Each structure stands twice: as structure tokens, then as C-alpha cells.
Amino acid sequence: MLCSGQGVPVQKGEIMKRKYIYTIVAAALLVCLGMSVVFLRPDKEQQLVKEFLDQTFTKSEENAKLYQAVMDSPSVIGLGVDQQTQKETAGKAQQASEEFEKAYSTYLDSNGMDDFQNGLFGYMLDLYTADETWEISETEIMKDNDAYKFRVSMNVGDTPQEIQGRAEVNDGKIGNLDITEL
């Protein structure tokens with residue numbers, strides 16, 4: 001049998017073999033492409049840590065309002081303070097706490113929230129109260145057993161700074177947040 005235009009006899013079986021080989025090669029390429037997409041994309045937990053770090057370290061109007069509400073809401077209690085003042089300041093503190101929890105509860109469970117308030121919160125509050133300018137230059141997140149180590153490089157004013165820590169994700173939220181270097 002002649003293949004059209006080539007003038008060389010080709011067996012019908014050879015044509016079928018070539019089609020099978022091309023089909024197998026195409027299927028293998030599709031499998032490789034699919035697996036690379038699955039294995040190279042960040043997992044959901046790593047994405048959660050990234051979003052939390054971006055939310056925390058990105059200077060924004062929303063974050064500025066949140067930290068301003070916290071600064072404007074000290075609780076005034078003690079001897080010589082009338083009950084109305086105690087009530088008003090406690091109400092402002094409660095409202096600021098609720099706003100703070102609303103902003104970060106997407107990322108943090110109650111343990112993570114406590115860790116954040118005892119660690120990063122003070123650092124970020126200092127940046128906002130000092131009215132510093134800053135921007136993130138790099139965020140790096142690496143899987144570390146059941147947790148994620150992270151490093152955030154920032155320029156605060158003209159000074160480079162680096163924050164390092166470790167976040168454990170439990171049930172879709174950050175449960176433990178340890179800052180190892182500030």
C-alpha cells in the first residue's frame with residue numbers, strides 16, 4: 001500500500017503503530033503537565049500563612065484604622081474613676097477587640113490570636129504609632145514538618161528588617177504562631 005504523496009510503500013499496521021505511539025506520548029505529556037500543576041502549586045495551608053503575612057505586613061488604610069481603634073481604646077479603671085468613664089472605655093476596648101478579631105479570625109484560631117497579640121501585634125502597633133513607612137521586599141514560606149517557617153524581609157524607612165517565625169496550621173487556621181526573630 002502506498003502512503004499518499006510519498007511514493008514509499010507503508011504497511012497499514014505501521015500507521016496504526018505510529019498512531020498508538022503518538023497517543024501514548026500525548027497522554028504521558030498530559031499526565032506530566034497535570035502532575036506538575038498539582039505538585040508545584042502551594043498547598044492550602046501554605047496559602048493561608050501567606051495571606052496572613054500579607055494582611056499583617058502590608059501597610060493599608062484598613063490596617064491603619066484597625067490599629068488606630070486599638071490605640072484609641074484603652075480601658076480606664078481604678079480608684080477615683082467614675083463608673084461612666086469605666087463603662088465608656090471598656091465599651092471602646094471591647095469594640096476594638098471585636099474589630100481586631102473580625103480582621104484576623106479568618107487566619108487565626110484562639111491560640112493563634114493570643115500568640116499574635118503577644119508577639120507581632122506590638123511590633124506592628126509600634127510601626128503604626130511611629131507613622132513609619134515600610135514595604136515588604138520578600139516573603140518566604142517553607143514547609144517544616146507539620147508547620148511552616150516564614151521569613152518576611154521589609155524596608156522600614158531606609159532600614160532593612162527581617163521577621164522570622166513559625167506557624168502551625170490546625171483545622172484550616174493558624175493555631176500556633178511563634179516569632180523567632182524580630
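The condition of being among the hydrophobic types (A, V, I, L, M, F, W, C), surrounded by 13 or more Cβ atoms within 10 Å (Cβ to Cβ) and at pLDDT 80 or above holds for A103. Exactly one residue out of N118, N111 is at pLDDT below 90 and of a type in the set (S, T, N, Q), and it is N118.
Here's the yes/no breakdown for (1) surrounded by 10 or more Cβ atoms within 10 Å (Cβ to Cβ); (2) at pLDDT below 70; (3) polar (S, T, N, Q); (4) in contact with a strand residue (DSSP E or B) (Cβ under 9 Å, 6 or more places away or on another chain):
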| position | (1), (2), (3), (4) |
| --- | --- |
| K12 | no, yes, no, no |
| K17 | yes, no, no, no |
| L29 | yes, no, no, no |
| V37 | no, yes, no, no |
| V49 | yes, no, no, yes |
| D54 | yes, no, no, yes |
| A64 | yes, no, no, no |
| A69 | yes, no, no, no |
| G80 | no, yes, no, no |
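The residues in the range 133-148 that are of a type in the set (D, E), within 16 Å of E62 (Cα to Cα) and surrounded by 12 or more Cβ atoms within 10 Å (Cβ to Cβ) can be counted, and the count is 0.
The values are calculated or read from the model by the stated rules, or taken from the named source; none is laboratory data. All of these numbers come straight from a predicted model, not from anything done at the bench. Every residue, glycine among them, receives a Cβ derived from its backbone with ideal geometry; neighbour counts consider all protein chains shown.
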